[in-house]
Every structure is written in C-alpha cells, then in structure tokens.
Amino acid sequence: QQTGFAAFYARVGTTYDRYLVARSIVEGEAELYAELAILDSRGEQLDPAVLERTIAEQKRAALQGYAGVEDACALADRFLPYPFGLDYVLGAYQAGGSDAIDQLYSSPPSSTRELAYGFGAKEPFGGSWNEDGELAAAAVPVLPEQYDGLGTFFMGSWLVNAFIERELPAPSYELDEPVRSALRADALSLYYRTDTETPLAVWRLRFADQA
C-alpha cells in the first residue's frame, strides 16, 4: 500500500498545490475510515450532518492555526489535508460508498480550490491549476544578474487564501469567495541575491478578469 501511495503522490503531486490535493485524499480517507470504525465499535451509524458540523469547526480551526505558523509554505500540509480532505472524501462516500473513495485515486480533484468546493465541484476555468503553464510564460520576472533563481512554484488558491488571511487585521478564517472564484493562477518565484546574501520572493497572481 505504501508503494501505491508513493506512486499516487508522484503522479498527482506535480505542483505543490496538487501535492496538497493528493495528501488531502490520503489523509481524508484515513480520517473517515477511523471515524466509521469508532462508530461501528459503539454500534452506531454515521450521521453525516453531525460529522459535517464537526468538519466545519475543524476547517475554521485549521485556518486559524495556520495563520500563526512561521514556516507557512512548509507546514501547509499539516493543516489543509485533514478537515478539507475529510470533507471531500465524505462527499464521495455519501455519493457512492467505498467505491467512490477508491475512484478518487484515479480521478482526484485537480486543485485545492476544487477540493475546497467539495466533492462534485470542478475547476471553474477548466483543466488543472497551472498544470498546462497557465501564467508560467509571463510569471517569472527578469531580474538583474546578481539574483540567482531558485525555482518557480505553483502554490494554489488555498495557500493564497491562507496568506491573505494572515495579513488581515480582522481575519475571518474562512475561504474567501473572491479568491476561490476569481483567482485563476499563481507563480511563486524564489531568488538569492549573491552580493547581499539575501533572499527574494516574487508571487504573481492572475485573476479571472485579467488577460
């Protein structure tokens, strides 16, 4: 099974955004089956409405907790996969049982935005987030020669939303609809300035009303 998970991550996780999707499916499935096992041991049945309320609280707690971490990019996979993955996998389970969960490994969500909208939703702009080079051709800035490029990464709407929440004076700890519906692509480029030995990050965003 570990080999299967490794192949799944390698196939799906072609950007950081899509890695978070893969991690969410794996962890969401584990969370759901653990919940079902606990209920079965008590002789109880799953009440989706009760679990959905719990998930909603966990989502808010995840965004609130994430707002307080320093290494935001590196630690995103400790906050997003569990409540958001569980919510998505629960939707699949309600739609088609364990078989529908199994199908998520062959046809997972294409982005964290699609994941956050819930099971059955599709990317509003079609295709996968940044997968076909959306924004990439114009995304990498041309800087003076003292800047060494370290790479460009596609982070996805969940991380963009979370970073915005971190900067708000009164954060809502919710997924903001303008980010979910209007943000089309992103590209985070990292650089190291050799003469001053300092890092630089340039994060470019494209919205739906931009060419």
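The values are calculated or read from the model by the stated rules, or taken from the named source; none is laboratory data. No experiment lies behind these values; they were computed from the predicted model shown. When we count neighbours, we look across all protein chains shown, and the Cβ atoms used for this are built from the backbone with ideal geometry, even at glycine. Surface areas here come from the heavy atoms of the whole protein model, side chains and all, with no ligands, DNA or RNA. Shrake-Rupley method; radii C 1.70, N 1.55, O 1.52, S 1.80 Å.
Could you run through region 83-113 and say how many residues are touching a residue at least 60 places away in the same chain (Cβ under 8 Å) and in a helix (DSSP H, G or I)?
9
Based on this model, can you work out whether Pro171 counts as open to solvent by less than 40 Å² (accessible area, probe 1.4 Å), modelled with pLDDT of 85 or more and touching a helix residue (DSSP H, G or I) at 6+ places or on another chain (Cβ under 8 Å)?
Answer is no for this residue.
Examine region 15-23 for a residue that is farther than 29 Å from Tyr173 by Cβ, assigned to a helix (DSSP H, G or I), open to solvent by less than 70 Å² (accessible area, probe 1.4 Å) and not aliphatic (A, V, I, L, M), and state whether such a residue exists.
no
Kindly evaluate Gly65 against the criterion of being part of a helix (DSSP H, G or I) and of a type outside the set (Phe, Trp, Tyr).
Yes.
Yes or no, residue by residue, for (1) surrounded by 15 or more Cβ atoms within 10 Å (Cβ to Cβ); (2) at pLDDT 90 or above; (3) farther than 16 Å from Ala92 by Cβ; (4) not hydroxyl-bearing (Ser, Thr, Tyr):
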site	(1), (2), (3), (4)
Gln1	no, no, yes, yes
Phe5	no, no, yes, yes
Glu27	yes, yes, no, yes
Leu32	yes, yes, no, yes
Gly43	no, yes, yes, yes
Ala49	no, yes, yes, yes
Arg53	no, yes, yes, yes
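Please enumerate the residues belonging to region 89-105 that are open to solvent by less than 10 Å² (accessible area, probe 1.4 Å) and within 17 Å of Arg18 (Cα to Cα).
Val89, Leu104
Can you tell me which residue in region 106-118 is farthest from the chain's Cα centre (by Cα), limited to those that are open to solvent by 40 Å² or more (accessible area, probe 1.4 Å) and within 19 Å of Thr14 (Cα to Cα)?
Here the residue is Ser106.
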